[in-house]
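Colleague: Could you have a look at this structure, given as structure tokens, before my questions?
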Amino acid sequence: MLDEVGSGPADALRRRGVQVTAQRLAVMRAVSSRPHGTADEIEELVRADIGAVSRQAVYDALGILAENNLIRRIQPARSPARYEDRVDDNHHHVVCRTCGRTVDVDCAVGHRPCLKAADDHGFIIDEAEVVYWGSCPACQRAARRRGNGSARTENMNRKRT
Ligand SMILES: [Zn+2]
Ligand SMILES: [Zn+2]
């Protein structure tokens, strides 16, 4: 293999002293192509990419990559863990309560810890992780359609009786 210095995933792994394997590279590619993907989604992409791979191998790769700060693992409450390759900043996330769609929100002040605690209790605070919760545009539209739809059904029922 050519030992070129570059910015590809293989170089990123080498720089962190992580052994480069086809599976880890495939997991890196999958995480890059599907930001905030769940382990299940990543597994599907990896399988489409390099063929048969065990779920355990994908989970192991995700764990090692996250441990070495090559990918970031986010775990919104009541939601499966999601992975992304945007690791070099202090961005936050907005998550849809209905479908789980997760989108990046840039750090409000541009650096950690982003929020100042009203009382730090003597801690030196170096990070604040913010999750904004809400309803994504698609789910808002779906809710409106459902609203109209049930109204129509109600009218139909009324006519029938
Ligand atoms: Zn949604
Ligand atoms: Zn993100």
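Colleague: Sorted by mean Cβ packing within 10 Å, highest first, what order do the peptides 129-140, 40-51 take?
Modeller: Descending packing order for the listed peptides: 40-51, 129-140.
Colleague: Taking the highest mean first, how do the peptides 114-126, 63-75 order by number of other beta carbon atoms within 10 angstrom per residue?
Modeller: Result, highest mean Cβ count within 10 Å first: 63-75, 114-126.
Colleague: Pull out a ≥ b ≥ c, the square roots of the eigenvalues of the alpha-carbon gyration tensor of the chain, then state rounded if a/c is under 1.5, prolate if not and a/b is larger than b/c, and oblate in the remaining case.
Modeller: oblate
Colleague: Run the quick spin-label model on Ala48 and Phe123: label points 7 Å from Cα toward the beta carbon, then report their separation in nm to one decimal.
Modeller: Here the answer is 4.0 nm between the modelled labels.
Colleague: Projected onto the charge dipole of the chain (+1 at Lys/Arg Cβ, -1 at Asp/Glu Cβ, origin at the Cα centre), which of Phe123, Cys96, Leu65 gives the Cα projection farthest towards the positive end?
Modeller: Farthest along the dipole direction, towards plus: Cys96.
Colleague: Which one, Arg112, Arg145, Arg24, has the greatest fluctuation when you compute a Gaussian network model over the chain with C-alpha springs under 10 angstrom?
Modeller: Arg145
Colleague: How long is the gain from Ser33 to Asp11 if the chain were fully straight, where each residue apart is worth 0.36 nm and the alpha carbon distance is subtracted?
Modeller: Working it through step by step, the gained length comes to 6.1 nm.
Colleague: Here is a further query. Take every DSSP beta bridge whose two residues both sit in the chain, then give the antiparallel share in percent to the nearest 5.
Modeller: The answer is about 70 percent antiparallel.
Colleague: Only Cα pairs within less than 10 Å get springs; with that Gaussian network setup on the chain, which residue of Val31, Val109, Val95 has the largest fluctuation?
Modeller: Comparing Val31, Val109, Val95 in a Gaussian network model of the chain, the most mobile one is Val109.
A short reminder: the numbers here are calculations on the coordinates, not readings from a lab. Computed from a predicted model, the values in this text were never measured in an experiment. Reconstructed Cβ throughout: ideal geometry from the backbone, glycine too, with neighbour counts over all protein chains shown.
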